1. Using the basic label-point model (7 angstrom from Cα toward the beta carbon), what is the GLU154 to LEU95 distance in nanometres?
2. Can you give the relative contact order of the chain as a percent, counting alpha carbon pairs under 8 Å and 6+ residues apart?
3. For the pair ARG56/TYR130, report the inter-label distance in nm, with labels modelled 7 Å from Cα in the Cβ direction.
4. If packing is taken as the average count of other Cβ atoms within 10 Å, what order do 147-153, 42-48 fall into, highest mean first?
5. In deg cm²/dmol, rounded to 500, what helix-only [θ] at 222 nm does the chain give when every DSSP H run of at least 4 residues adds -39500 (n - 2.57) and the total is split over its residues?
6. Once you order the gyration tensor axes a ≥ b ≥ c over the Cα atoms, which shape class does the stretch 76-132 get: rounded for a/c under 1.5, otherwise prolate or oblate by comparing a/b with b/c?
7. Using a Gaussian network model of the chain whose springs link C-alpha atoms within less than 10 Å, name the residue from TYR82, TYR159, TYR121 with the highest mean-square fluctuation.
8. Could you work out the relative contact order of the stretch 15-56? I mean the mean sequence separation of Cα pairs under 8 Å and 6+ apart, divided by the number of residues, in percent.
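Quick note: the coordinates plus some simple rules give every number you see, no bench work behind them. Not measured: the values here are computed from a predicted model. Every residue, glycine among them, receives a Cβ derived from its backbone with ideal geometry; neighbour counts consider all protein chains shown.
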Amino acid sequence: MVVKKVEAPPDQMDWRECSECQRLAPPRSWHCKVCKVCVLKRDHHCLYTGCCIGHRNHRFFMGFIFYLFVGSVYALVYNSIYMWIIQGHIYCNWLTLLKLTCPMLLLVTGSFWVNMYLLFYSLNVLALAYGVLLLGYHVPIVLRGGVSADRTKESKQKYDRGVYQNLRSVFGDRMHIAWLSPLIRSDLPDDGYHWTASRNRKD
């Protein structure tokens, strides 16, 4: 059997062979050592969801961290009202501040339920800080049309097609309402295999 060498079409010139899969991989796809497959427009492997974040589920990951932030703010407001205003005579003291900065003190001083409220409050602050950190890291990447896997300055700017198109490539055609619920259907404009580089975009 003779195998003929076929040249790749112009729109597949950026395709490359994955050394792990031993198969042809489209642009922006990278191999995940955990999932053991190449993922289209791979952003990263998420430990919390147990899967790779890529072309098809990037929107849902962004919604997850957005609502993590919103839920943390909502809970922190009500927890703060309860602890510092309603139960202020219990929590407004220097020992509470020490317990919040050094949680190990919860094991040696104070009643069980008072310490439980402080523990939940500390976790609430931690969740808020984590949500802010994730949004601060991922939102700029999405706005410039990149993914976390981009390392060089050239690759970070290669697929920047403007804020509107960059958001549309993540949240789909109905991006104005797609963030409200993961149940809202919003078809993506790209197929995950063919991408238009920013150098081809006419401003």
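1. 6.4
2. It comes to 17 percent, rounded to a whole number.
3. Taking the two extended label points, one gets 2.6 nm.
4. Ranked from most to least packed, the peptides come out as 42-48, 147-153.
5. When only DSSP H runs of four or more count, the value is -13000 deg cm²/dmol.
6. Note, shape of the stretch 76-132 comes out oblate.
7. Fluctuation is largest for TYR82.
8. Result for the stretch 15-56 is 26 percent.
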